[in-house]
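Take a look at the structure set out below.
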Amino acid sequence: MTNTMYQTPSLLDAWIKENNNLVITWKDRGDDALTRDQDQIHLRSCSAEFHKLLGKVQGIPHLADHTLLELTVVYNTCVCVTAQSLFSGAELLLKQATERVLQMTVDDHNASDTLVLWRTVLRSEGSKALKPCVLYLLCLQWAIWLATCQLKTIQEFKDELFRLVETLSTGVGDDRRREAASSDFPLLLIDPRCLSEQLQICTVIAQGAERLSEGGSLDALSNLQTASSLSAPRTLVAYTHLLSGSCLSHMSCPQMALQCYRKALETDSRCVCALYQSMLIYRQMGNIQAEIQALRLLHSTLMLPCTTEPALPGTRLLSPSFLLHSQSLSSLLWVPSALSVLHSLAQKCVLHGRVSEGVEYYLDLLAALHSENQHVVQIQIPPLPRMPELYLEAGAALLMAQRPADCMALCEEVISSVKELLPEKVVLEETEEKSEAETRGCAECDDKVEMLLWVAAAYLLQGHCYTHLKDWKQSVTYYTRCINLLVRVRFKKSGFPPQIPSADMVSKKGTDLCILQRLKGLSLAGRGISFTQTDQLREALRDLQLSLQALPECVGAGLWCGEVFWRLGRRLEAAACWEKTWSVTTQSSEESLSVYLQEPQTGPLLDSAGLRRKIQELGTLSA
């Protein structure tokens with residue numbers, strides 16, 4: 001018995017030293033020099049060593065100092081296990097530890113429910129020396145609930161967790177640690193006070209995101225605004241401002257939402273989701289220039305090298321990103337890829353008068369895609385258009401910038417890469433429920449249609465280029481090539497034989513049939529306008545009228561059709577044609593359409609003011 005009494009303190013000291021050496025080794029390992037895989041290997045090794053130590057310690061007598069060591073080792077082991085996302089193992093360790101405390105304090109501990117068990121332990125009148133360790137373990141239970149998105153459980157236990165943060169913030173347990181600053185006191189892997197502060201703000205963020213997704217914007221806003229003043233890393237404070245902005249946006253307060261997003265960016269300049277949400281509000285408000293500026297900043301920020309996530313000192317093992325990954329929050333923090341943002345930026349600039357900027361962005365995008373790993377390119381979220389489409393968009397932008405030779409070169413790339421694969425005839429079928437085999441067949445058909453439309457669009461752009469150069473013969477040739485490809489497509493409605501598509505068959509914008517009709521309308525308009533320049537008026541009138549049948553909103557076709565009527569002496573028809581065109585097409589080109597499907601702004605244009613004077617003169621003569 002005497003030998004045991006003398007051996008126990010030496011064993012206790014040895015185990016404390018072993019625990020402290022493991023903690024010091026982990027903290028001194030040099031985070032910056034390790035890759036993520038190396039970090040995980042080190043973590044697994046550390047976890048195994050703590051498990052071994054716990055196995056040794058768990059058999060010691062139920063004395064306060066011994067149990068204090070045991071609970072400290074449980075804490076450190078549980079930190080390692082939790083950090084590896086082994087949550088069931090971590091919860092088992094915590095359950096065993098709380099039962100151990102209740103055994104020591106001779107309290108009734110027959111509770112099977114986790115919350116009841118924790119409440120029993122917290123109310124226990126046992127040794128005060130164990131209270132700090134119990135609270136430390138409760139921090140880990142909270143971390144597990146948060147990491148596994150058990151927000152309802154946290155809400156049920158909120159009073160106890162609130163008291164936990166208050167108690168730890170007063171420095172409970174620190175006195176003994178300060179008194180025993182030497183190596184004879186067991187060390188902790190994570191500072192529980194810092195962890196509790198991080199858990200507090202992370203919980204508000206997670207709950208705010210959940211309430212926001214459920215429509216409780218006002219309720220979430222109050223808690224988030226309170227949490228924004230908590231002591232926390234800038235990343236987390238920025239998230240509170242970001243979610244406050246999202247609440248205000250849902251409450252139809254866009255200007256106030258923008259102020260919150262601005263605060264988020266002032267707090268953390270890398271808060272890209274705040275930039276993205278600001279851009280969406282500017283888009284919703286129709287503030288194009290602000291939207292373009294936000295897109296530019298967003299792209300620049302996404303291109304910066306990633307930095308290590310800032311966290312409260314000593315909490316890196318259980319970082320904010322580890323604790324916060326609910327579906328609701330992930331959707332609010334989502335941002336598109338840098339390449340997708342660059343594509344949007346190029347489109348916006350080209351469609352809104354900043355063509356030279358748009359061209360540079362398109363060229364940057366093509367250069368990035370050529371240098372990127374193709375697998376990475378394919379998994380862009382949201383997905384980018386396919387390479388031929390991007391070539392066509394860039395080509396259209398180059399033509400708008402009065403660089404027809406560069407546009408033709410890109411179009412030639414599209415034609416040469418796809419031309420040999422074009423079908424002689426293809427049938428588009430009405431969308432309906434199909435079997436798996438039919439779906440596969442439709443996918444193959446869709447690919448063929450897409451390739452045909454790409455080459456047709458390339459010929460269309462080349463026709464525009466020759467129109468820009470006033471080479472009317474060549475422009476007619478390329479518009480004709482476009483038309484000849486498009487007439488290979490037939491549309492089949494259920495229960496009817498295949499037929500040539502018409503404008504009234506287009507039910508949804510952006511579909512292959514819609515693109516087909518636009519290409520047909522634009523190519524016929526282009527050829528008709530080219531005929532007018534060589535005084536082939538009857539051929540011009542035929543093509544322009546066919547263009548309006550395919551694409552009734554085509555401004556160029558409507559105005560030039562009226563001009564041809566006027567030149568043919570059919571002036572009342574000309575006036576009616578112009579009036580109809582102005583009444584139908586009062587809005588600008590639709591942004592939902594690709595750049596290469598917009599009406600060309602180059603080539604021969606008619607002055608609407610001059611046409612209106614002709615109509616007035618005609619009215620005067622009639623009177």
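A few points about this structure:
- With 29 Å as the limit on Cα-Cα distance, the pairs of LYS348/LYS425; LYS56/LYS131; LYS348/LYS492; LYS470/LYS492; LYS520/LYS580 that go past it are LYS348/LYS425; LYS348/LYS492; LYS470/LYS492.
- Cα→Cβ-extended label distance, 7 Å offset, between ALA367 and ARG542, nm: 4.8
- Rough spin-label spacing in nm, given labels placed 7 Å along Cα→Cβ, for LYS614 and HIS325: 6.7
- Sequence ranges 592-604, 539-551, ranked by mean other-Cβ count within 10 angstrom, highest first: 539-551, 592-604
- FRET E, pair LYS158, ASP113, Förster distance 22 Å, beta-carbon r, rounded to 0.05: 0.85
- Arranged from fewest to most other beta-carbon atoms within 10 Å of their beta carbon, LYS348, LYS493, LYS131 become LYS493, LYS131, LYS348.
- Packing-based order for 263-274, 318-329, 409-420, using average beta carbon neighbours within 10 Å, highest first: 263-274, 318-329, 409-420
- FRET E, pair GLN293, THR148, Förster distance 41 Å, beta-carbon r, rounded to 0.05: 0.55
- Inter-probe distance in nm under a simple model that places probes 7 Å from Cα toward Cβ, at GLN103 and SER85: 3.3
- Going from the residue with the fewest nearby Cβ atoms within 10 Å to the one with the most, TRP582, TRP566 rank TRP582, TRP566.
- Applying 1/(1 + (r/R0)^6) with R0 = 51 Å to the Cβ-Cβ distance of ASP535 and MET251 gives a FRET efficiency near 0.25.
- Only the Cβ atoms of Lys and Arg (+1) and of Asp and Glu (-1) were treated as charged; on that basis the dipole of the stretch 192-331 about its Cα centre amounts to roughly 260 debye.
We did not get these values from a lab; they are worked out from the coordinates using the rules stated. This is a predicted model, so every value here is computed, not measured. FYI the Cβ positions are ideal-geometry reconstructions off the backbone, even for glycines, and counts take in every protein chain you see.
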